[in-house]
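Report on the structure given below.
The values are calculated or read from the model by the stated rules, or taken from the named source; none is laboratory data. Here the structure is a predicted model, which is why all the values come from computation and not from measurement. Counting neighbours? That spans all protein chains shown, and the Cβs are built from the backbone with ideal geometry, glycine included.
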Amino acid sequence: MDRHTYQIALGSNLEINGQPPAAILMAALSALGRAGCEIAAISRFYRTPAYPPGSGPEFVNACATIVSGQGPEEVLALLHAVEAELGRTRTHRWEARVVDLDLLACGDLVLPDLEVLAEWRNLPPEEQQRIAPECLILPHPRLTERGFVLIPLMDIAPDWRDPISGKSVAELVSALPKAEKAAIRPVFPAN
């Protein structure tokens with residue numbers, strides 16, 4: 001069986017059953033491990049402003065590298081199942097949430113194709129908030145512009161390269177505005 005290496009993003013900005021966001025992220029990682037994913041690396045946890053600004057309390061964000069024999073669509077379905085198990089409900093995009101698990105990348109794989117990825121990367125922000133893709137898009141179309149993803153990803157995969165721009169995570173982080181980077185603060189190491 002082929003095994004694939006995936007980069008995932010984790011986020012939470014709501015408590016549930018008295019559990020704070022960092023504990024919820026740890027519970028998500030545990031659930032992925034129980035489901036057969038090897039947790040190969042975990043970033044530090046970071047406090048980050050809610051996105052879009054003013055949409056809720058601060059988030060705790062992290063990234064992880066997981067290894068699985070499942071394909072990308074199955075891994076995405078697993079991430080959604082773990083979200084539901086932990087109490088996530090989806091009412092509208094970019095809302096405050098108990099847990100958010102995003103499939104960021106699988107090596108240099110591009111899904112479904114370059115044209116669709118380019119279309120979603122170039123979508124205006126008001127459209128991004130209004131509509132969601134109907135198919136899995138890899139790498140995640142917003143990955144290259146979100147500091148709250150890139151900075152944790154830098155901890156575990158600084159050399160991963162966006163297959164479209166060819167830029168590494170380290171290069172993408174260095175291009176972020178200083179104010180955005182300054183607003184992302186480590187909480188504690190995950191392990």
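So that you can scan it fast, the table gives a plain yes or no per residue for (1) over 16 Å from R146 (Cα atoms); (2) within 13 Å of the chain's Cα centre (by Cα); (3) assigned to a helix (DSSP H, G or I); (4) at pLDDT 95 or above:
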{"residue": "L32", "(1), (2), (3), (4)": "yes, no, yes, yes"}
{"residue": "I39", "(1), (2), (3), (4)": "yes, no, no, yes"}
{"residue": "Y46", "(1), (2), (3), (4)": "no, yes, no, yes"}
{"residue": "P53", "(1), (2), (3), (4)": "no, no, no, no"}
{"residue": "G56", "(1), (2), (3), (4)": "yes, no, no, no"}
{"residue": "V60", "(1), (2), (3), (4)": "no, yes, no, yes"}
{"residue": "T65", "(1), (2), (3), (4)": "yes, yes, no, yes"}
{"residue": "Q70", "(1), (2), (3), (4)": "yes, no, no, yes"}
{"residue": "L76", "(1), (2), (3), (4)": "yes, yes, yes, yes"}
Can you name the condition, by its number, that R3 falls short on among (1) within 26 Å of L109 (Cβ to Cβ); (2) crowded, with 16+ Cβ neighbours inside 10 Å; (3) not acidic (D, E)? (2)
Here is a list of conditions, (1) of a type in the set (D, E); (2) in a helix (DSSP H, G or I); (3) buried (at least 17 other Cβ atoms within 10 Å of the Cβ), and D102 meets all of them except one; can you say which number that is? (2)
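Output the residues belonging to segment 133-170 that are of a type in the set (D, E) and buried (at least 16 other Cβ atoms within 10 Å of the Cβ). Quick ask: steps written out before the conclusion?
As a first pass, look at segment 133-170 and keep what is of a type in the set (D, E): 134, 145, 155, 159, 162.
Result: D155, D162.
Which one is modelled with the lowest pLDDT among residues in segment 100-111 that are over 19 Å from G33 (Cβ atoms) and touching a Pro at 6+ places or on another chain (Cβ under 8 Å)?
As a first pass, look at segment 100-111 and keep what is over 19 Å from G33 (Cβ atoms): 105, 107-111.
Keeping just the survivors that are touching a Pro at 6+ places or on another chain (Cβ under 8 Å) gives 105, 108-111.
Details: A105: 97, D108: 93, L109: 96, V110: 96, L111: 96.
The residue in question is D108.
Does segment 25-46 contain any residue that is touching a Lys or Arg at 6+ places or on another chain (Cβ under 7 Å) and within 28 Å of S68 (Cα to Cα)? Explain how you work it out, then say what you get.
Initially, segment 25-46 is screened for residues touching a Lys or Arg at 6+ places or on another chain (Cβ under 7 Å), giving 46.
Okay, now just the ones that are also within 28 Å of S68 (Cα to Cα), so 46.
There is at least one residue in segment 25-46 that is touching a Lys or Arg at 6+ places or on another chain (Cβ under 7 Å) and within 28 Å of S68 (Cα to Cα).
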Can you tell me how many residues within segment 27-57 are surrounded by fewer than 22 Cβ atoms within 10 Å (Cβ to Cβ) and under 29 Å from E127 (Cβ atoms)? 10
Which pairs turn up if I take residues in segment 159-183 that are free of Cβ contacts under 8 Å to residues at least 12 places away in the same chain and within 25 Å of L109 (Cβ to Cβ) and look for partners that are outside any helix (DSSP H, G or I) and of a type in the set (S, T, Y) with beta carbon separation below 7 Å, at least 6 apart in sequence or on another chain? D159/S168
All but one of (1) at pLDDT 95 or above; (2) basic (K, R); (3) more than 14 Å from the chain's Cα centre (by Cα) hold for R88; which doesn't? (1)
Within segment 140-182, can you find the residues that are at pLDDT 95 or above, touching a Phe, Trp or Tyr at 6+ places or on another chain (Cβ under 8 Å) and part of a loop (DSSP other than H, G, I, E, B)? none
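Among the residues of segment 10-26, count how many are surrounded by fewer than 24 Cβ atoms within 10 Å (Cβ to Cβ) and within 9 Å of A62 (Cβ to Cβ). It would help to see each step written out before you state the result.
At the first step, the residues of segment 10-26 found to be surrounded by fewer than 24 Cβ atoms within 10 Å (Cβ to Cβ) are 14-20, 22-23, 26.
Still in the running and within 9 Å of A62 (Cβ to Cβ): 22.
The total comes to 1.
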Do the conditions hold for R97, that is, is it of a type in the set (D, E, K, R), surrounded by 12 or more Cβ atoms within 10 Å (Cβ to Cβ), in contact (Cβ under 8 Å) with a residue 24 or more places away in the chain and over 29 Å from G36 (Cα atoms)? no
